[in-house]
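Some notes on the structure that comes next.
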Amino acid sequence: MSVQTIDWAGLYASEHGRLKKLVRRLVGNKATAEDLVHQAFLKLIATAECGDLANCPAYLTCTARNLALNHLRNTSRRAEIDLPEAEFNAIADSRPSPEMTAILRCELRRVLQAVAGLPPRRREAFVLNKFEGLSYDQIAARQGVSRNTVITQIVAALADLDRRLDQK
């Protein structure tokens with residue numbers, strides 16, 4: 001069957017009702033079924049322009065069924081859950097409380113002050129490694145020292161920070 005020999009109006013009239021019932025049984029919604037049947041006909045028209053279709057009703061049935069199943073799968077992926085307001089309000093907020101935020105800011109201030117109190121070369125090696133993520137070799141090349149010197153500086157910085165933070 002070619003595009004010119006297909007009686008589109010006759011095919012639509014004969015198949016529309018049957019396909020709509022089939023799809024409505026699958027999706028359970030009249031409006032959605034109507035949309036999916038129209039999509040099936042559009043796919044048939046697009047396919048018919050590319051070549052011959054020997055059995056249009058079978059193609060329509062298969063296409064409409066697949067569209068309905070895809071619709072159900074996509075709907076289940078985006079499903080929303082209705083919760084009563086009391087249950088919704090009982091869900092814990094994952095963000096820190098204002099009090100915890102204030103405590104963490106104070107701790108961060110303490111750590112940054114302790115880091116600022118390190119000797120300059122030790123501080124530079126520590127910041128480059130822990131904050132900027134540079135490797136020991138990269139820091140050694142940047143500072144013009146050996147890798148072992150960088151390791152020694154970072155270990156000493158950690159020990160200094162541990163002592164300073166334990167004192168306060």
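Points to keep in mind about this one:
- Summing Lys and Arg as +1 and Asp and Glu as -1 over all other residues whose Cβ lies under 12 Å from the Cβ of VAL37 gives a net charge of +4.
- Against the main long axis of the alpha-carbon atoms of the chain, helix 147-167 sits at an angle near 80°.
- Note on SER135 and ALA31: their simple-model spin labels are 6.0 nm apart, each label 7 Å out from Cα toward Cβ.
- For the peptides 88-98, 155-165, 34-44, 110-120, the ranking by mean Cβ contacts within 10 Å, running from highest to lowest, is 34-44, 155-165, 110-120, 88-98.
- Tilt relative to the chain, helix 98-116 - C-alpha long axis, 0 to 90 degrees, to 10: 50 degrees
- Annotated for the chain: lysine pairs at least 8 residues apart or interchain, Cα distance under 28 Å, count 6.
- Loop sites in the range 64-144: GluC sites (Glu not before Pro), DSSP, at most 10 other Cβ within 10 Å: GLU80, GLU132
- Acute angle (nearest 10 degrees) that the helix 56-77 long axis makes with the longest principal axis of the chain, alpha-carbon atoms: 30 degrees
- Extension gain, ARG142 to ASP162: 0.36 nm times the residue separation minus the Cα-Cα distance gives 4.6 nm.
- Given the alternatives (i) 10.4; (ii) 21.0; (iii) 14.1, mean projected area of the Cα convex hull in nm² as computed for this entry is given by (ii).
- Length available on full extension from ASN70 to ARG95: 0.36 nm per residue minus the Cα-Cα distance, which gives 5.3 nm.
All of the numbers you see were taken from the coordinates with simple rules; none came from a lab. From a predicted model like this one, the values you see are computed outputs, not experimental measurements. In this analysis, Cβ positions are derived from the backbone assuming ideal geometry, glycine residues included, and neighbour counts consider all displayed protein chains.
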